[in-house]
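Asks: Sharing a structure below in structure tokens format, with a few things to ask.
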């Protein structure tokens, strides 16, 4: 089974480790053995961290864009609603779901746009778009892939602005960085070989100094302090 999935991750943090902006999103194509992306479509987004639910719409759009270049059997989005088909989802069903009041409000704001994109995917490609969330390994791979690309985008930002950047990484992952690429490996149980990857085609990694720190206010999260080399 070939799966197209999308997720956004990594955030620019302030010195108190509060998230300010979500840095990157990525749509990925994942096939057996489901350890890394066979193809990806990443983008920098720098979205307001307080409106993270809005990026789900862009994630769905990226899945649609990726499907123009490749084939898949199903689409997974980072919405945890028990793998229900988004075309079948309606506000009435929210009453029977274990969702917080705030979560319901956010979903109601984006549902019309999400359903429109899901409908277009089904009409064009004959496949379902599922609200499966973090239960999906392809969504996890999309999270790690967007996170790996976020490292490159943050390097570009620090070089452009000539200022240090503190980049918060996705949960429970380990970065491995060379002069040519950035990997994020999952540290979750039974996911030791699941990873995201980004190739440094602009040569930014060799121009910065990167140090890794633990996030002191969010257990399970790491951060990278990125500074221009002098």
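The values are calculated or read from the model by the stated rules, or taken from the named source; none is laboratory data. Remember, it's a predicted structure, so these values are computed and weren't measured experimentally. Ideal geometry is used to build each Cβ from the backbone, glycine not excepted, and the neighbour counts take in all protein chains shown.
Asks: Quickly run through region 163-177 and pick out the residues that are out of contact with any helix residue (DSSP H, G or I) (no Cβ under 7 Å at 6 or more places or on another chain) and more than 23 Å from residue 49 (Cα to Cα).
Replies: Of everything in region 163-177, just one residue is out of contact with any helix residue (DSSP H, G or I) (no Cβ under 7 Å at 6 or more places or on another chain) and more than 23 Å from residue 49 (Cα to Cα), namely 176.
Asks: In addition: Which residue, of 138, 112, is out of contact with any helix residue (DSSP H, G or I) (no Cβ under 9 Å at 6 or more places or on another chain) and either surrounded by fewer than 16 Cβ atoms within 10 Å (Cβ to Cβ) or modelled with pLDDT under 95 (or both)?
Replies: Details: 138 fails: either surrounded by fewer than 16 Cβ atoms within 10 Å (Cβ to Cβ) or modelled with pLDDT under 95 (or both).
Within the list 138, 112, the selection yields 112.
Asks: Among 121, 151, which is the only one that is part of a helix (DSSP H, G or I), assigned by TED's automatic domain parsing to the domain that holds residue 39, touching a residue at least 40 places away in the same chain (Cβ under 8 Å) and crowded, with 19+ Cβ neighbours inside 10 Å? So that I can check it myself, show each step before the final result.
Replies: Working: 151 fails: assigned by TED's automatic domain parsing to the domain that holds residue 39.
Unique residue meeting the criteria: 121.
Asks: Right, here's the next one. Can you spot a residue in region 184-201 that is in contact with a strand residue (DSSP E or B) (Cβ under 8 Å, 6 or more places away or on another chain), at negative phi, without any contact (Cβ under 8 Å) to a residue 24 or more places away in the chain and exposed (fewer than 11 other Cβ atoms within 10 Å of the Cβ)?
Replies: no
Asks: For residue 138, work out the one condition from (1) touching a residue at least 60 places away in the same chain (Cβ under 8 Å); (2) over 18 Å from residue 36 (Cα atoms) it doesn't fulfil.
Replies: Failed condition: (2).
Asks: Considering each residue of region 201-230, count those that are within 18 Å of the chain's Cα centre (by Cα) and outside any strand (DSSP E or B), and give that number.
Replies: First pass over region 201-230, keeping only residues within 18 Å of the chain's Cα centre (by Cα): 220-224.
Going one step further and asking which of them are outside any strand (DSSP E or B), we end up with 220.
Number of matching residues: 1.
Asks: Right, here's the next one. With 6, 37 as the choices, which residue is in a loop (DSSP other than H, G, I, E, B) and within 15 Å of residue 76 (Cβ to Cβ)?
Replies: Details: 6 fails: in a loop (DSSP other than H, G, I, E, B).
Every option except 37 fails the conditions.
Asks: Considering only region 90-107, I want to know if a residue exists there that is within 20 Å of residue 27 (Cβ to Cβ) and surrounded by 12 or more Cβ atoms within 10 Å (Cβ to Cβ).
Replies: Within region 90-107, none of the residues are within 20 Å of residue 27 (Cβ to Cβ) and surrounded by 12 or more Cβ atoms within 10 Å (Cβ to Cβ).
Condition check ((1) surrounded by fewer than 19 Cβ atoms within 10 Å (Cβ to Cβ); (2) under 18 Å from residue 114 (Cβ atoms)) across all residues:
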| residue | (1), (2) |
| --- | --- |
| 5 | no, yes |
| 14 | yes, no |
| 38 | yes, no |
| 44 | yes, no |
| 50 | yes, no |
| 66 | no, yes |
| 77 | no, yes |
| 84 | yes, yes |
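Asks: Under 6 Å by Cβ, and 6 or more places apart or on different chains, what pairs join a residue from region 154-168 that is farther than 16 Å from residue 211 by Cβ with one that is buried (at least 19 other Cβ atoms within 10 Å of the Cβ)?
Replies: Hits for this filter: 156/204; 157/165.
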